[in-house]
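The values are calculated or read from the model by the stated rules, or taken from the named source; none is laboratory data. The structure presented is a predicted model; accordingly, all values stated were derived computationally and were not measured. Every residue, glycine among them, receives a Cβ derived from its backbone with ideal geometry; neighbour counts consider all protein chains shown. The protein model used for the area step is the full one, side chains on, heavy atoms only, and it has no ligands, DNA or RNA in it. Shrake-Rupley method; radii C 1.70, N 1.55, O 1.52, S 1.80 Å.
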Amino acid sequence: MKASVRNKILLLALIGLSLLACRPRNVLSPKQMEDIFVDLHTAEGMIEISGLNYGQDERLKGYFQSVLDKHGITQAQFDSSLVWYTSNPVIFEKIYPKVVERLEKQAEAAKEAEQAAKTQKE
């Protein structure tokens, strides 16, 4: 196969792959997903700290719904976006390290605030 034909085939394949990875309009942006995941994990932490457990499904749903409301999205929008991102793991894998980094920063800030409060009491 000639180099120019091979290059054209390669170019078409790359264009095809890039079109497959294009995010549909109804799918939330990576930044929106990042923000939502940070808030969801923060809510999960609050649930754990407050001692909520199984059998309190309505309260748990309330935490989740409050995150969706904060971001102005519906359950269906979140679900369809999550399905799309999990079907596109290369893109999804770029989001979660940022989520973890932000949660770690929040945890560190909370520890520092707690230490400062203890120091003031002494």
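For this structure, a couple of remarks:
- Whichever residue in region 1-43 is surrounded by 11 or more Cβ atoms within 10 Å (Cβ to Cβ) and among the basic types (Lys, Arg) and, among such residues, is modelled with the highest pLDDT: ARG23
- Selected residue (only one of THR74, THR42, THR86 is among the polar types (S, T, N, Q) and within 24 Å of ALA110 (Cα to Cα)): THR42
- In region 109-117, the condition of being part of a helix (DSSP H, G or I), closer than 18 Å to ASP39 by Cβ and not aliphatic (A, V, I, L, M) is met by no residue.
- Residue ID - nearest to MET46 (Cα to Cα), chosen from residues in region 63-85 that are not in a helix (DSSP H, G or I) and not small (Gly, Ala, Ser): HIS71
- Filter pass, VAL83 being at pLDDT 90 or above and more than 22 Å from CYS22 (Cβ to Cβ): no
- Selection count where residues are within 12 Å of the chain's Cα centre (by Cα) and open to solvent by less than 50 Å² (accessible area, probe 1.4 Å), scope region 83-122: 6
- Qualifying residue in region 58-78 (condition: surrounded by fewer than 10 Cβ atoms within 10 Å (Cβ to Cβ) and at pLDDT below 90): yes
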